[in-house]
1. Starting from the 7 Å offset along Cα-to-Cβ, what nm value, one decimal, do you get for the label separation of residue 414 and residue 196?
2. I'd like the GluC sites (Glu not before Pro) in segment 482-547 restricted to DSSP loop residues with at most 14 other Cβ atoms within 10 Å, sorted by number.
3. Spelling out what I want: for every residue of segment 121-133, take phi, set θ = phi - 60°, compute 6.51 cos²θ - 1.76 cosθ + 1.60 (Karplus), and round to whole Hz; glycine and proline get x.
4. Give the separation of the Cα centroids, segment 173-231 to segment 475-520, in Å.
5. Once label points are set 7 Å from the Cα along Cα→Cβ at both residue 255 and residue 327, what is their separation, rounded to one decimal in nm?
6. Can you tell me the orientation of helix 10-22 relative to the chain, as the angle in degrees between its alpha-carbon axis and the longest Cα principal axis, to the nearest 10?
7. What is the percent carbon and sulfur in the accessible area of segment 243-307, measuring with a 1.4 Å probe over the protein chains and ignoring ligands?
8. Calculate one ³J(HN,Hα) per residue across segment 140-145 by plugging θ = phi - 60° into the Karplus curve 6.51 cos²θ - 1.76 cosθ + 1.60, and present them in order as whole Hz with x for glycine and proline.
Amino acid sequence: MKHTLNKIPFSALIAMLAACMLTACNKTKVDPIDPYPEAPKPLVKFLDGAPTPATGIEGSVVAFNLNGLKGKEGTFKFFINQTEAEVVSVEENTVRVKVPLNASTGGSSVLINGEYYFGPTFTVKGKISVDPLFNADSYRSTGPINGIFRRADGTTYMVYGSFNNYQNMASTTVTISGIAVLGANGEYAAAASQLKVGKAGFNSMVSKVIQLASGKYLVAGYFNRYDTMSNVNNMARLNADGTLETMVVDVVNPDPINFPNNDKDVVPGFNGGTLGGIGNLFYNATTAKATVTGNFSYHVSTFYERSTKGGPYLDQTKARQIIRMNDNGSFDSTFNFDRTLNSSYAGANGNIYDAIQQADGKIIVVGNFTTFNGKPAKYIARISATDGTLDETFNMGNVGADGSINKITFNATTGKILLSGGFKNYNGVAAGGVVMIGANGAVDASFNFKLLEGGVVNYAGQINNGKILVSGSFNKYAGVVRPGLLVLNADGTLAAGYNNIGLFRGTISSFVELTSSNGMPAIIIVGSFDRFDGKEVANIVKFRIEN
């Protein structure tokens, strides 16, 4: 069969293709939609450049570079570190403001239509400033510094804590472990002034160091080793050069034939310590006895008559939280000890956080406890200097605090005691976390701590001129912005001109008073903090005080 192919004219094919394009082959074009529409332009914009001048005192006029406020006078507020400043004038690219009373160093900001716009930092000058010879970039520790004191030479300072480097001076030949000697500006002192701590020093935290009249050092903390010497039970006595005081003792030699020299051993010269860390250490030069407080449970010493070389036989005496030791480290059973029970008295029903010793030898302990030796003692108690029993004449039977007391400080020059912690009332008087008491525990009504906002207090201590340093996590005091650090008058009011510095972040543990590079009074504070006046530091800073 013959098939015939029907031919389609070229013009018809073109028509068919056009129809396809207009119908089934046609695609509809859709315009894209932006899912992120352009944000509205800000009402205010801070421009480049620091304020003029970059620093100033309270009441001075400062020009800030910003635009968007011209014509909006009266509708916005200007702040310097959260404190409202009076607006003096508004120009196209400049706003002039007056530095407000009680202002402190910090960032600038504008509040308009419920929104904040943030600008550069402005430095408010006051009576406190970092000493120019203190190098904050270099004079740094790698861990908390628990204390500082001026050494007997009068020119160098001992710091101690839980650090293993300072000023980046530690090396394979230089060991820094828990103690270091500094110069008057906070610098790591010359090698001739440093203690010879060997290759390892202390293997854990040092909580207290006392330099004795002999030049030696009595050290307490949470360690069990010093350099290569073990069997150091949280207490040690160092020679004036920093080497461990040692002695040679007779010990048991189980194999005298093969090891004839093992009948003697070199051991720590101070044969005493605790089972559990020591928080505070006090020394009586007249009796040559040391008293320690903490949350330990036993006094320990080594009974060398039953020990072997390198194998100490420990003698333990049950004694809680407070112990007095003789000059050789042995247990003083005349203090805080019930011989009928062969144990110390009950002590606190909670933890002891801190302690001070008064001039008469009595010790005041504070912490998180409500009884002491089975008798009421709301977070504070005083211990007799003679036998270690509870001194019930202290605080005249008043109620004490209504919350934990974390820190107690004493200024020997002013005779004032300050307590700080989580309490709200002391002896029924509103305290807000800080209270001043007399030697008998009664509230000193001359001091009145004001309302804090934004946090709590972690330290309060008085300097010799009567001013009081307070650190914590707070943001305001008596309605005034004070981020982390207060300087108060002796009555609790803010000291004029002392509270202009910026952010302090952390905890003060101790301080010493000395002279600044310009001959003005100065203070070195130590602790666990990383900001002072808004600038990065590391657990130590020296600042001067202008009169």
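The values are calculated or read from the model by the stated rules, or taken from the named source; none is laboratory data. Because the structure is a prediction, the values reported are computed rather than measured. Every residue, glycine among them, receives a Cβ derived from its backbone with ideal geometry; neighbour counts consider all protein chains shown. Heavy atoms of the whole protein, side chains included, go into the accessibility calculation; ligands, DNA and RNA do not. Shrake-Rupley method; radii C 1.70, N 1.55, O 1.52, S 1.80 Å.
1. A separation of 4.3 nm, rounded to one decimal place.
2. 546
3. So the J values, rounded to whole Hz, are 6, 10, 9, 8, 7, x, 7, 10, 8, 4, 4, x, 8.
4. Segment 173-231 and segment 475-520 have Cα centres separated by 30 Å.
5. A separation of 4.0 nm, rounded to one decimal place.
6. It works out to around 40 degrees.
7. Accessible surface attributable to carbon and sulfur in segment 243-307 totals 54 percent.
8. Along segment 140-145, the couplings run 9, 10, 8, x, x, 10 Hz.
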